[in-house]
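Below: the structure, in structure tokens.
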Amino acid sequence: MLELHQFELSHYCEKIRLILDYKGLPYRKIEVTPGIGQIDLFRLSGQRQVPVLKDGAEVIADSTAIALYLDRKYPERPIIPTEPKQRALCLLMEEWADESIGLNGRKAMLGAFSQDPAFRSALLPSSAPSFLKTIVESVPGEALSILGAGAGLGADAVKAARKAMQQNLESLNTLLTDSPYLITDHPTLADFAVAGLTMYVKFPAGLYLDIPVALKGKGVPGLADNPLYGNFWGWRDRLYSDYRKLSPSTSAPSSSPTSINID
């Protein structure tokens with residue numbers, strides 16, 4: 001069986017989970033513990049980032065490389081068009097999603113965490129004691145902003161990321177006004193990249209991810225709940241409903257390690 005070495009909260013891993021589900025490929029998730037678990041990941045793949053796919057003797061790192069491998073090795077329900085212009089557009093859009101949505105969505109989410117106490121505490125497992133949630137919610141947003149500035153996530157960086165995400169969502173909303181998918185009449189790598197990488201802007205509401213219940217359906221204020229982007233979020237909901245399988249472990253509250261400091 002395929003093995004996906006992952007972080008459950010990684011939006012790049014979610015891109016691959018969507019593709020695996022669409023292709024109907026059974027796989028086993030192997031959660032990588034941030035820090036010590038990445039040592040084993042390095043031994044396996046020669047690098048420390050997720051996702052990593054293991055298929056027998058084959059080990060593939062990087063979400064784009066994994067997507068290309070899956071479409072080549074398991075060609076049923078292809079995700080990359082064969083028509084040259086459609087193929088080129090698909091690959092360009094996937095690269096744009098990786099670089100713009102993936103990076104700016106993460107910055108926008110971290111900015112929302114620093115300003116929204118409820119969003120911040122939602123990251124904690126549901127089993128966390130109430131006093132810990134109180135502590136997390138009581139941390140001043142200004143203090144978190146100062147810490148974020150030291151990591152390159154100051155107010156200006158977050159503002160720029162939000163502006164970029166607004167433009168991205170406006171464009172996607174328009175592209176999907178009269179089209180079922182971004183490139184063709186069926187989902188492609190572009191669709192799954194966009195859907196998976198917007199996870200940080202708005203977490204899926206259904207039982208798709210083994211994450212704290214309070215995070216499901218929650219997102220960056222002004223982006224996740226803006227009616228101007230309703231067409232896009234409705235499209236993503238339908239994509240999940242049609243192709244994403246429910247996670248067997250979401251029936252119980254999540255207590256697994258979580259991390260948002262990922263690449």
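For the range 46-58, name all the residues that are among the aliphatic types (A, V, I, L, M) and over 16 Å from Glu31 (Cα atoms).
Listed by number, the list holds a single entry, Ala57.
If I filter the range 176-184 for residues that are touching a residue at least 12 places away in the same chain (Cβ under 8 Å), touching a helix residue (DSSP H, G or I) at 6+ places or on another chain (Cβ under 9 Å) and over 21 Å from Ile19 (Cβ atoms), do I get at least one hit?
yes
Taking the condition at pLDDT 95 or above, under 19 Å from the mean Cα position of the chain (by Cα) and among the acidic types (Asp, Glu), does Glu94 pass?
yes
Can you tell me which residues in the range 195-232 are basic (Lys, Arg) and modelled with pLDDT under 95?
Selection gives Lys216, Lys218.
Given the condition among the aliphatic types (A, V, I, L, M) and assigned to a loop (DSSP other than H, G, I, E, B), answer yes or no: does some residue in the range 188-195 qualify?
Taking every residue of the range 188-195 in turn, none turns out to be among the aliphatic types (A, V, I, L, M) and assigned to a loop (DSSP other than H, G, I, E, B).
Assess whether Phe192 counts as being among the aromatic types (Phe, Trp, Tyr), at pLDDT 75 or above, closer than 22 Å to Ile79 by Cα and assigned by TED's automatic domain parsing to the domain that holds Gly222.
Here the answer is yes, as Phe192 does meet what is asked.
Here are Glu8, Glu3, Glu76: which of them is acidic (Asp, Glu) and crowded, with 19+ Cβ neighbours inside 10 Å?
Glu8
Name the residue that is surrounded by the most Cβ atoms within 10 Å (Cβ to Cβ), counting only residues in the range 194-208 that are more than 12 Å from Ala108 (Cα to Cα) and without any contact (Cβ under 8 Å) to a residue 40 or more places away in the chain. Give the derivation first.
So in the range 194-208, the residues more than 12 Å from Ala108 (Cα to Cα) come out as 194-197, 203-208.
Keeping just the survivors that are without any contact (Cβ under 8 Å) to a residue 40 or more places away in the chain gives 203, 205.
Values: Phe203: 24, Ala205: 14.
Out of the qualifying residues, it is Phe203.
Only one of (1) modelled with pLDDT of 95 or more; (2) closer than 22 Å to Arg236 by Cβ fails for Lys54. Which number is that?
(2)
Restricting attention to the range 14-33, which residues are without any contact (Cβ under 8 Å) to a residue 60 or more places away in the chain and touching a Phe, Trp or Tyr at 6+ places or on another chain (Cβ under 7 Å)? Show your work before the answer.
Filtering the range 14-33 down to residues without any contact (Cβ under 8 Å) to a residue 60 or more places away in the chain leaves 20, 23-30, 32.
If the condition is that a residue be without any contact (Cβ under 8 Å) to a residue 60 or more places away in the chain and touching a Phe, Trp or Tyr at 6+ places or on another chain (Cβ under 7 Å), then Leu20, Lys23, Leu25, Val32 are the ones that fit.
The values are calculated or read from the model by the stated rules, or taken from the named source; none is laboratory data. All values reported here derive from a predicted model rather than from experimental measurement. FYI the Cβ positions are ideal-geometry reconstructions off the backbone, even for glycines, and counts take in every protein chain you see.
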